1. Residue check: is residue 68 over 29 Å from the mean Cα position of the chain (by Cα) and buried (at least 16 other Cβ atoms within 10 Å of the Cβ)?
2. When only residues in the range 624-651 that are closer than 22 Å to residue 530 by Cβ and out of contact with any strand residue (DSSP E or B) (no Cβ under 8 Å at 6 or more places or on another chain) count, which is surrounded by the fewest Cβ atoms within 10 Å (Cβ to Cβ)?
3. Every residue in the range 353-372 that is in contact (Cβ under 8 Å) with a residue 60 or more places away in the chain and either under 20 Å from residue 556 (Cβ atoms) or part of a strand (DSSP E or B) (or both), please.
4. Among 411, 430, 426, which is crowded, with 24+ Cβ neighbours inside 10 Å, part of a loop (DSSP other than H, G, I, E, B) and either of a type in the set (Val, Ile, Thr) or modelled with pLDDT under 95 (or both)?
5. So, of the residues in the range 187-203 that are touching a residue at least 60 places away in the same chain (Cβ under 8 Å) and surrounded by fewer than 17 Cβ atoms within 10 Å (Cβ to Cβ), which turns out to be farthest from the chain's Cα centre (by Cα)?
6. When residues of the range 710-766 are filtered for being assigned to a loop (DSSP other than H, G, I, E, B) and closer than 26 Å to residue 626 by Cβ, how many remain?
7. Just one of (1) in contact (Cβ under 8 Å) with a residue 60 or more places away in the chain; (2) charged (D, E, K, R); (3) in contact with a Ser or Thr (Cβ under 9 Å, 6 or more places away or on another chain) trips up residue 555, so point out which.
Amino acid sequence: MRGKLKGVAVSALGVALALVLGGCSGGGTEAIAFKNVTGEGADVISMTEARSFEATLPVSGQSVEELQQLIDDGKVTWSLSREEGMQEDTEAWPYQYLGGPIEEWETVETSQQPQTELFTNIETTAEEVDGGAALKLTFDSNTMFGYDGIDNRDRSQLRDTILDYTGTYELTCDVDGKTAGTAEVDVRPYDQYRTQAEIDAELPELVDEAKENGLYAEVVEIGQSAEGRPINAVFVTKEESDLDEYLELTERMETEPATVQEEVEAGTLEYKVPIVYSNIHADEIIGSDGVMEFLRALVKNEPIEYRTVAGLTEEGQATLEQEMASDGTAWSELIADDVTGVGYIQGEGQMNPTDDPEANPDASVDLTDEEFARYYNVEDRTLDPDALLDDVFFILVPSENVDGRTYNVRTGGNGLDLNRDNTYQTQPETQAMTELIAKWEPISLHEIHGYYTQFQVEPCSPTHDPNNEYDLFIDTAMQQGEAFAAAAISNNDTINSVQIPMRDYLKVTDDGSLEWVPFDDMSSSYTPQYAMLHGVNAYTVELPYGSQDAVTAVKYGFVGNAEFVSENKDEMFLNQLERYERGIENIDADEIRPYYVSQSDEVGAEADVFRPRYEENNNFFPEYYVIPVDSDAQLDRAAAAEMVEYLLRNDVRLEQLTEDFEVNGTTYAEGTVVVDMHQAKRNMANAALYENMVIDDWTSLYSEPVTNFPDQRGFDCDTITTPGAFDDAALTDLAEPIELATEVDGEGDLVVIENSGVESIRAVNALLDDGVQVGLVTEGESAGDYVVASSDFDAVKDDFVLDAHKVAEAPTAQVIKTGIKVYVPGAVDEFMTNEAGEEYGVRDYQNRLNTTYNMDIFALTEQMGFTLVDSPEEADIIVGNQALSEDEGKLVAEGKPYVGYTANALESAAALGVDVTYNDDANMSYDALTTVEFPEESIVTATYVGEGDDLMYGYGGTFITGVPEGATVLIKTTDDDPIEGFMSAEAIEAYKGTIQAFDYQADGYNMTLFANTLTNKAHQQDEYRYLSAAVYSKLLEGDFEA
């Protein structure tokens, strides 16, 4: 009897509850109040922070006791789920997590933790809340991966997983099978993480907020990515007119910097200067999020309260000296008077539990507030945006690499590392960003990166790019770097120490001598180092972890930097103007020379290496560069035209001859382009056009230093060191790119196309794709060129810039196979898999990150116009720098044509049994532009022999020591020293007189192998003709007949 009564009672409660919840009548559900009760952080489930949460659902018409009864009967359940993932492209992200019952959520197994419950201590209670009954859920969340950041710890796994989980879920409470309430709950790597789509959606909202708060802001699309996404910059200033007025000022800065200097010094110039904050490596996610956090604070136009280090205490100074002595750290005499040592102290701070102190004793530490105060005099400060914007304005680029941010990868949409492309500018993203810098000439730029386990803020250690007026940069750069660092470490909980390379990377060796640990700015391929060519004080900042604390550190580092620039605006601006004045007067200042030190920090010891002076004008800089564009004087007119466009995009002023003019016995034709080095952007022009130096006595460099567009891109460019050589020439300003057309001479029904550069390769591949008969000339003075019927040539001549000659009789030539299909080795499985073999993440995650593989893809398709296929069996030929898989190797062993380069290819050939030996001790750390010779005739090298082009670039430092019997040696280095590059003196001697390429057609093999790169950074374009000729030579189908 009692059982029946109990059953009736529960049934009645269920009906009453159904009516309350609207389950029968179709009414709405209650809103759940979801709250993070940890004590800090947003109401967000963080993948990198353990937290405690409570969710409260008011239920009207029921008592606490009745709700508790439902709980006890198991009729109250909670789920956290979503109908679809946040990423709309489900083909790219097919494994997005959709959630489920809260107790079924699990962590991800990593090397740090097993797979276990993500949510623990889950408990549902009935309580009285605000005078009514309510259901309350409490639970704790663990970290998703066992780490407190998304960084280099289990790097690929974490970075490829977060977007499967990121997004908004619905927390749902079901009571007796019916939905009682819901709440939207975000799951993110950390609180302020935003996807690229979210950033793009928020920017217009922040612009509106700025305007509502009395500021001017606008979103400007500065370009589009490789995949067509907009690259947005946000301009924030006080008045819209500030932007126009500054652009007007830039014209004066470049044409009359000395006059502007006088006005600044007299206090008569009212001006504002731009500050740029940006991110380029998109999977270093704290960069974009740090920029966005600063922007959110800025547009409020409210005082920003922060702390910073004003100096060291007495205990701090003693601790600093003790730690420096213990670490063997010394400050160079060049900067010792300009630094305080802020941030160096590790004290008793705790390293991250996952860090290995032996692997990196300089790892960032977490200092308690008490210990921090013992070492540093900490000041509370206020930054007033309204007052700040009287001195500066901001150009904020949250995501230069919008494709990379979309997929959470380091690389751009074409799979190349954009932060190795700022000088080369082969990618649309870097073209957009560098054009922005060249146009707006910011006073300061910070680009945010990660992750070293130390927090690192530049300036860099030596060596330094000789095209940066380093003395003018370093005048304020050390103090500026410390200002950023001081604010960053003072305003976050866990990242409380910092390293500055130019301050902290000079070490005392065991014998008491000094030695720099290179973290150099020799290469201008990085955004900040590129910006320095325009007179910008620019910095790379490396955060240790991908966490919310790192985002906070970035935000307040930006605040500290903004205050520094505002307070030191005149001095920094005067230095920038002095850079331009030196350019206009073509001054090679002696003040810069002390900074070119030896690795043992001998002041000025290598000034003659890094800033050698021409004998004629006693200057590191020439007087002019001259780029002919006529076919008589220019080997590759298309490359020359591209160079002109490049220089204009980078704000270099050009002139053009309006009539022929003779200089030093050479007559330059009308139309020749002249780069007068007496201009503000002289350093930019020189960085691209100069013949670099050989660096042979440093132990390492961060990246290869060679730029040298003329030799890398294969066009003629003369260096003139005679002062005033063009004073009497008829010149006109050149403000727009030049338009060149195909030139054809001679008569006949056939056309010989000169193989003068990449443009001819593109044209030939276009013809072959259309099924046109193209002959590769194998003998005579045109060996290496191409021959086609005149009617076929007419179909493509207007699409390319070619030099060609009509002939009546066909030269000796072989027909190239049409419709060539190329396979590039190196791709791996589309998806990563976990220990259980389950796929996850974004499609082609690892392939997107393989930059050397993607260099081949980009060079072969976008630059040369070859057609690629995904299957080696389907391909006519295998081409690339990556190692061959077992199946690919079998095809090569069976006679599939193969063109390979770098030690990877040599190793693959050796593994197949080909008797090739080689030396790759350099391990891809050296590069060299050097003279070569061609021991035997070959169609692969015929073009270079015919042109007398005996220069070859290679990145890698590998050389071949033995070839199989019957092989043809194609290329050897000479016994001369390299022209330019980075290679130790010992390695140079070993590199001389070595084999760089051979062809092998025996024992069933048909391969051509090169020791070093042919497609490095997609910049090495003068070597592309080796590659294309090797491909074509293996796909010939008989004699060419008219």
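1. yes
2. Among those that are closer than 22 Å to residue 530 by Cβ and out of contact with any strand residue (DSSP E or B) (no Cβ under 8 Å at 6 or more places or on another chain), it is 645.
3. Of everything in the range 353-372, those that are in contact (Cβ under 8 Å) with a residue 60 or more places away in the chain and either under 20 Å from residue 556 (Cβ atoms) or part of a strand (DSSP E or B) (or both) turn out to be 364, 365, 366, 367, 372.
4. 411
5. Filtering first and then ranking leaves 202.
6. Total satisfying the criteria: 25.
7. For residue 555, the exception is condition (3).
Residues are listed down the side, and each one gets a yes or a no for (1) touching a Pro at 6+ places or on another chain (Cβ under 7 Å); (2) within 16 Å of residue 973 (Cα to Cα); (3) among the aliphatic types (A, V, I, L, M); (4) surrounded by fewer than 19 Cβ atoms within 10 Å (Cβ to Cβ):
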| position | (1), (2), (3), (4) |
| --- | --- |
| 868 | no, no, yes, yes |
| 884 | yes, no, yes, no |
| 898 | no, no, no, no |
| 902 | no, yes, no, no |
| 910 | no, no, yes, yes |
| 917 | no, no, no, yes |
| 934 | no, yes, no, yes |
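The values are calculated or read from the model by the stated rules, or taken from the named source; none is laboratory data. Note that the coordinates shown come from a computational prediction; the quantities given were computed from them, not determined experimentally. Cβ: placed from backbone, ideal geometry, glycine included. Neighbour counts: every protein chain shown.
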